[in-house]
Amino acid sequence: MFDSLNNDFAKELEAMGRQYPFQPLKYLRQTLRLTFEEGIQMLKDGGVEVDPLGDLNTEAERKLGQLVLEKYDTETLVPFLYSGAVSIKMNVLLYAPSLLLLMLRDMDIIGVISALAGAALGQVLALSSTFLGLSA
């Protein structure tokens with residue numbers, strides 16, 4: 001994708017660079033993929049105190065970007081596994097409202113409550129295994 005942008009829009013990038021000087025993006029041909037645990041470890045090694053079960057704040061994300069640039073010479077990465085806390089938050093924010101409407105349409109209230117209790121139990125167990133250092 002970045003190669004195509006650089007090749008297809010070289011004139012536009014050059015014009016933008018004259019008006020708003022910038023350094024070319026550093027990227028790898030194979031995008032760097034880090035687990036959440038690897039990112040946390042890099043931050044700890046870099047002297048940043050972070051909650052291994054929490055979400056990264058903006059400052060920690062910027063520091064991780066700087067550490068990735070220094071270690072791998074790239075400004076792009078894909079954090080493909082997140083902490084249990086982020087997983088729970090994203091599931092609730094993104095999926096629960098529409099799933100609840102579908103469940104209420106297709107199930108009786110006992111079925112909805114049972115299904116929600118099962119989903120909550122799954123999240124609690126996933127978070128517990130992360131907290132206890134168990135791997136799936």
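Distance between the 7 Å Cα→Cβ label points at THR58 and LEU13: 2.7 nm. In a fully extended conformation the segment linking LEU25 and GLN41 would gain 3.3 nm over its present Cα-Cα distance, using 0.36 nm per residue.
Starting from segment 1-73, pick out the GluC sites (Glu not before Pro) whose DSSP state is loop and whose Cβ has at most 15 other Cβ atoms within 10 Å. It would help to have the intermediate numbers written out before the result.
Details: sites: GLU12, GLU14, GLU37, GLU38, GLU49, GLU59, GLU61, GLU70; in loops: GLU49.
When the GluC sites (Glu not before Pro) of segment 1-73 are filtered for loop state and at most 15 Cβ neighbours within 10 Å, GLU49 remain.
Close amide-amide hydrogen proximity is noted between LEU34 and VAL78, PHE80, each under 5 Å apart and 5 or more residues distant or on a separate chain (H modeled in the peptide plane; Pro and chain starts excluded).
Just so you know, all these numbers are worked out from the coordinates, no wet-lab data involved. Every value quoted in this text rests on a predicted model; they were computed, and no experiment measured them. Quick reminder, even Gly has a Cβ in these numbers, built from the backbone with ideal geometry, and neighbours come from all protein chains shown.
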